[in-house]
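Take a look at the structure below.
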Amino acid sequence: MRCTSGRNADAKVLVVPNTLPADSSGDFVGWGTSLAWFAHAIGTDSQLLEAVSQALFSRDGLGLNIVRYNIGGSDLNGDDLGKFRAGGAVPCCYSRDGSFDPEPDAPQTAFLLRARELIGRDAFYSEAFCNSPPYWMCKSGTSRGHTRPYRNNLGRMEVEAFAASMLAALAHFKEAHGLVFDSLSPFNEPGSPAWIQALSAQEGCYFSHARMNDVSAHEQFCISDANKDVRKTPAALWPAIGKINTHTYDLSEFLGSKVPFFVTKTQDNMFKRASLRRRAAHAQKDVWVSEFGTGKGAEPLARHVMYHVIRMLTRALPRGARVFGAPPLARRGVGVWLGEGRTGYVLVHPAKAAAPLTLSADARALLGTQAAGGGGGGGGLKAAATLLDAAGLDAEAAAAGDRQGDVGSGSREAVRVLEVGPDGLVELEVPPGHLAAVVISAG
């Protein structure tokens, strides 16, 4: 979707789904999670597996539709097993003789298959990835990394064997479960100096750019490193690359205020993101954020994700709009999503100091239909809106000592029926400080 706005005092937001700028990073496919490492850690408990799967993948839960399966590389009988974090030693199922034994990783497989059932095959997207090659291919003899930083832990002569180990895993899932992975990522932050045994409590393997190009893929720690990878990828390798994966961390996520501001801003900023989008568009590849986390629990992660998603969607919105209930977003806010039964939802919230905001939504594009506004006609488009005095709610919450955005009684307007024009457009003026929820449906 693309949001555009006018620059005059009477600001206007145009919501047109599935129209992408020339340097876009591709269609939005969905939200997901990696199975590393919780699935391996708790997958033996059938009741817990079901409860977590329902919470993550069902329509009554988060409704995630992308699942990343971790092809393990660890020796469960190794001398350093006790140095891994809980669940971090994902078992290596590929043997030196080329055989593949799926039994050690049955808990993670159970999660993957249950996710497919709950999501449904049409919406289900699966990606297999490796944090490290099998331990017995690594120079150090362990999947936790080399003894020294910036040292390839996979020898050049082992590249083909590494590829064979991943293909064996993919072949097993296709033959045993009829599951064909949509994509494969053989790396996890391969340029990081953290993959050394003195520091690492998880699987990890450093790859130089030359060794990475032997395998051909991208999946780095931050936007800046992803840019370097794309820039150093030879033209002959691009046909073998399906998409560009990147993580969006910076060092402050791990070291906090100890990291100078200029360092974090060199790892990720709007210019580097724009550069990555341009390079990806030139190579005709999609860009995926394949991993992010805060290490601080679910609520901080949800806040952080919401902040960046809304910031991405609202770059063109006029200054003065904000998302209700998200204090870091004190200036901007709009959201668009689709529900069941061919129903679309649009949420707009200009700040109390902003000018009135006029929402113009293309109902036909939003619902993927050619129907027009129909009034009482059964096949026509219908729209309705509810306005809420969110500024009043904020004041009530502050007076009660609650967090900004907690729900109070406020001033709620009755549902207002909106006219859908012959061209499918729905318009609504949102007063400053009000939250507008618009529901559009095909009759």
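The values are calculated or read from the model by the stated rules, or taken from the named source; none is laboratory data. This one's a predicted model, so the numbers in the text were calculated from it and none came from an experiment. Glycine also receives a Cβ, built like all others from the backbone with ideal geometry; neighbour counts cover every protein chain displayed.
Just one residue in the set Ser192, Ser183, Ser165 is in the same structural domain as Asn131 (by TED's automatic domain parsing), surrounded by fewer than 20 Cβ atoms within 10 Å (Cβ to Cβ) and within 17 Å of Cys130 (Cα to Cα); that residue is Ser183.
In the set (1) touching a His at 6+ places or on another chain (Cβ under 9 Å); (2) touching a residue at least 60 places away in the same chain (Cβ under 8 Å), Gly87 fails one condition alone, (2). Within segment 117-142, being surrounded by 17 or more Cβ atoms within 10 Å (Cβ to Cβ), within 21 Å of Leu49 (Cβ to Cβ) and of a type outside the set (Phe, Trp, Tyr) holds for Leu118, Ile119, Ser126, Glu127, Ala128. Of all residues in segment 188-221, which are at pLDDT below 90 and within 21 Å of the chain's Cα centre (by Cα)? Hits for segment 188-221 are Ala217, His218. Within this structure, Phe129 passes the test of being at pLDDT 95 or above, out of contact with any His (no Cβ under 8 Å at 6 or more places or on another chain) and not polar (S, T, N, Q).
Inspect segment 58-71 for any residue being touching a Leu at 6+ places or on another chain (Cβ under 6 Å), over 18 Å from Ser132 (Cα atoms) and assigned to a helix (DSSP H, G or I) and give the result as yes or no. No, segment 58-71 contains no residue that is touching a Leu at 6+ places or on another chain (Cβ under 6 Å), over 18 Å from Ser132 (Cα atoms) and assigned to a helix (DSSP H, G or I).
Out of the residues in segment 122-172 that are free of Cβ contacts under 8 Å to residues at least 40 places away in the same chain and under 29 Å from the mean Cα position of the chain (by Cα), state the one that is farthest from Asn65 (Cα to Cα). The extreme case among them is Leu167.
Filtering Arg121, Arg144 for residues that are at pLDDT below 95 and either outside the structural domain of Trp195 (by TED's automatic domain parsing) or not in a helix (DSSP H, G or I) (or both) leaves a single hit, Arg121.
Of all residues in segment 190-206, those that are in a loop (DSSP other than H, G, I, E, B) have Cβ atoms under 6 Å from Cβ atoms of residues that are of a type in the set (Asp, Glu), 6 or more apart or on another chain, in Gly191/Asp225.
Give the residue, chosen from Asp97, Asp80, Asp101, Asp75, that is more than 23 Å from Ala163 (Cβ to Cβ) and either in contact with a Lys or Arg (Cβ under 9 Å, 6 or more places away or on another chain) or of a type in the set (D, E, K, R) (or both).
When all the criteria are applied, what remains is Asp80.
The residues listed here are Asp214, Asp250; of these, the one that is part of a helix (DSSP H, G or I), surrounded by 15 or more Cβ atoms within 10 Å (Cβ to Cβ) and of a type outside the set (Lys, Arg) is Asp214.
Checked against the criteria, Ser185 does not count as modelled with pLDDT of 90 or more, touching a strand residue (DSSP E or B) at 6+ places or on another chain (Cβ under 9 Å) and over 23 Å from Ala281 (Cα atoms). From the list Asn77, Asn70, Asn65, the one residue that fits, being modelled with pLDDT of 85 or more and surrounded by fewer than 17 Cβ atoms within 10 Å (Cβ to Cβ), is Asn77. The set of residues in segment 28-68 being in contact with a helix residue (DSSP H, G or I) (Cβ under 8 Å, 6 or more places away or on another chain) and at positive phi consists of Gly63 alone.
Under the condition of being buried (at least 17 other Cβ atoms within 10 Å of the Cβ) and of a type in the set (Val, Ile, Thr), which residue from segment 259-317 is modelled with the highest pLDDT? If we take residues in segment 259-317 being buried (at least 17 other Cβ atoms within 10 Å of the Cβ) and of a type in the set (Val, Ile, Thr), then Val287 is modelled with the highest pLDDT.
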